[in-house]
1. What do you get for Rg/Rh of the range 68-189 when both radii come from the Cα atoms and Rh is the Kirkwood radius?
2. How would you rank 65-78, 32-45, highest first, on the average number of other Cβ atoms within 10 Å across their residues?
3. Within the accessible area of the range 98-144, what % is carbon and sulfur when the probe is 1.4 Å and the other protein chains stay in place?
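The values are calculated or read from the model by the stated rules, or taken from the named source; none is laboratory data. Computed from a predicted structure; not experimentally measured. Reconstructed Cβ throughout: ideal geometry from the backbone, glycine too, with neighbour counts over all protein chains shown. For accessibility, only protein heavy atoms count, side chains too; no ligands or nucleic acids. Shrake-Rupley method; radii C 1.70, N 1.55, O 1.52, S 1.80 Å.
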Amino acid sequence: MTRKRFRIIGVLLSGVMILLTSCQQQESPPPVDKAPLPAVAASPYVCDFVPLDAVRLMTGIRDPIVSGGFDMTVGEKLDGVKYGTGSCRVYQPTGDKLKVLQISLSPAGGEQAVEWEISQGSQRLPEIVPGAVGYYGQNGSADNTQAAAILVHGFDRVIVDLIQGVKGRDNAADVVAMMKLVAPKLILDATLAPEKTED
């Protein structure tokens, strides 16, 4: 081969390498937003009580499809007791529109079931609503982004079920943070837990 051919081959190989490098850079996923969920619920809300900014962070979906709602007067209508029911369901906006998050409220309280789950290894929720008990956990391996938190208070049971979270985020911390945002709004006779102060 002549030197001219070597130069042409060298130039072509350099071009191929540049193209391959740029393709690999385009395919790399965007960095994971590891910011914690907001400490205070703020609008805009979905399903009346669930902050959209928190949903976006914990699911990684900017424009989710959301359906559902909560009926906070159903207990008074049915039997004169204060409790609500309902759910807020969040889906991917594209593809198979898979459900990624569900927040449920039902009159299915049961402190014994919560204590049993804790005795089996689930983590106890911090105090969110005075008198309420709850637990949370992440499902399986570190690659699994599924996590859930359950809080029971009187007749009320609130479930935050993160079916598909964001890899690289603390999914268990996300469900606890979301519970702190929604439980005081969904449990009708709830009062916020007093802030703990350092002595």
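1. Numbers: Rg = 14.8 Å, Rh = 14.9 Å.
On the Cα set of the range 68-189, Rg over Rh gives 0.99.
2. Details: 65-78: 14.8, 32-45: 11.9.
Top of the packing list down: 65-78, 32-45.
3. Details: 1180 of 2570 Å².
About 46 percent, which is the carbon plus sulfur part of the accessible surface.
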